[in-house]
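Okay, structure first, notes after.
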Amino acid sequence: MANIAAQRIKREFKEVIKSEEVAKCAIRVELLNDSYTELKGEIAGPPDTPYEGGNFVLEIRVPETYPFNPPKVRFITKIWHPNISSVTGAICLDILKDQWAAAMTLRTVLLSLQALLSAAEPDDPQDAVVAKQYKDNLEMFTLTAKHWTNAYAGGPFINAECNEKIRRLVDMGIEEHQARVSLSSCNWDLERATEQLFS
């Protein structure tokens, strides 16, 4: 790894670990290798959002051209959010693309991602299906996002009706995650989800 990038990310890594603001927001980061090129981040779902109580794991890859190019970040924990792919965990956030500036840091990235969970931008979506649900039926979106937070991020919200519909599809031989995705994209309409899966 280029020397500038390594020195810079080491300094920022320490900054994140020592930051009281970051600790207050329940954000953590750890090294996955000695060269500081791969990190694992964790952000807590912000209060008063469907993600509250969840813990979301991030994969952070630092390029050799850092800090002139942004780190590559994606969600490893599955999440239902207009700006995050429900399939790959890819994130649509301007500072991770064309609005990145060399003055930004790992701390900026982690705090911005947590802020994104509080303020989705459905007009610039990464996941069109989620964004459509968010714009057309916010109540349904909130229910689904809470359900995914419970299923994948350890959130407290349990919806027995959603779980029952998933169980019914699993009983028909559908894999659990696939059942959840199909029901989520069909607004939890079991009949539509079944048709979609078996057509």
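The values are calculated or read from the model by the stated rules, or taken from the named source; none is laboratory data. Just so we're clear, the structure is a prediction, and the values are computed from it rather than from any experiment. Methodologically, a virtual Cβ is constructed for each residue, glycine included, from the backbone with ideal geometry; neighbour enumeration extends over all protein chains shown. Side chains are part of the model used for accessible areas, which takes the heavy atoms of the whole protein and leaves out ligands, DNA and RNA. Shrake-Rupley method; radii C 1.70, N 1.55, O 1.52, S 1.80 Å.
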(message) From the list 181, 170, exactly one residue is touching an Asp or Glu at 6+ places or on another chain (Cβ under 7 Å), open to solvent by less than 80 Å² (accessible area, probe 1.4 Å) and of a type outside the set (Gly, Ala, Ser). Which is it?
(response) 170
(request) Hey, could you check the stretch 105-115 for residues that are open to solvent by 40 Å² or more (accessible area, probe 1.4 Å) and of a type outside the set (Ser, Thr, Tyr) and say which is nearest to the chain's Cα centre (by Cα)? (result) 115
(message) So, in the stretch 51-77, how many residues would count as being out of contact with any strand residue (DSSP E or B) (no Cβ under 9 Å at 6 or more places or on another chain), in contact (Cβ under 8 Å) with a residue 40 or more places away in the chain and either under 17 Å from residue 90 (Cα atoms) or not acidic (Asp, Glu) (or both)?
(response) 3
(request) Could you tell me whether residue 55 is over 29 Å from residue 133 (Cβ atoms) and either of a type in the set (S, T, N, Q) or within 13 Å of the chain's Cα centre (by Cα) (or both)? (result) no
(request) Answer yes or no: is there a residue in the stretch 67-76 that is farther than 30 Å from residue 151 by Cβ, of a type in the set (Phe, Trp, Tyr), touching a Pro at 6+ places or on another chain (Cβ under 6 Å) and not in a helix (DSSP H, G or I). (result) no
(request) Can you work out which of the residues in the stretch 29-48 that are open to solvent by 20 Å² or more (accessible area, probe 1.4 Å), in a loop (DSSP other than H, G, I, E, B) and not charged (D, E, K, R) is nearest to residue 98 (Cα to Cα)? (result) 37
(request) Could you check how many residues of the stretch 22-46 are closer than 15 Å to residue 111 by Cβ and not aliphatic (A, V, I, L, M)? (result) 7
(message) Given (1) free of Cβ contacts under 8 Å to residues at least 24 places away in the same chain; (2) part of a helix (DSSP H, G or I); (3) within 18 Å of the chain's Cα centre (by Cα), identify the lone condition not met by residue 17.
(response) (3)
(request) Kindly provide the set of residues from the stretch 146-167 that are among the small types (Gly, Ala, Ser), assigned to a helix (DSSP H, G or I) and either loosely packed, with under 15 Cβ neighbours inside 10 Å or out of contact with any Lys or Arg (no Cβ under 7 Å at 6 or more places or on another chain) (or both), ordered by number. (result) 153, 160
(request) Kindly check whether there is at least one residue in the stretch 117-129 that is surrounded by 16 or more Cβ atoms within 10 Å (Cβ to Cβ) and polar (S, T, N, Q). (result) yes
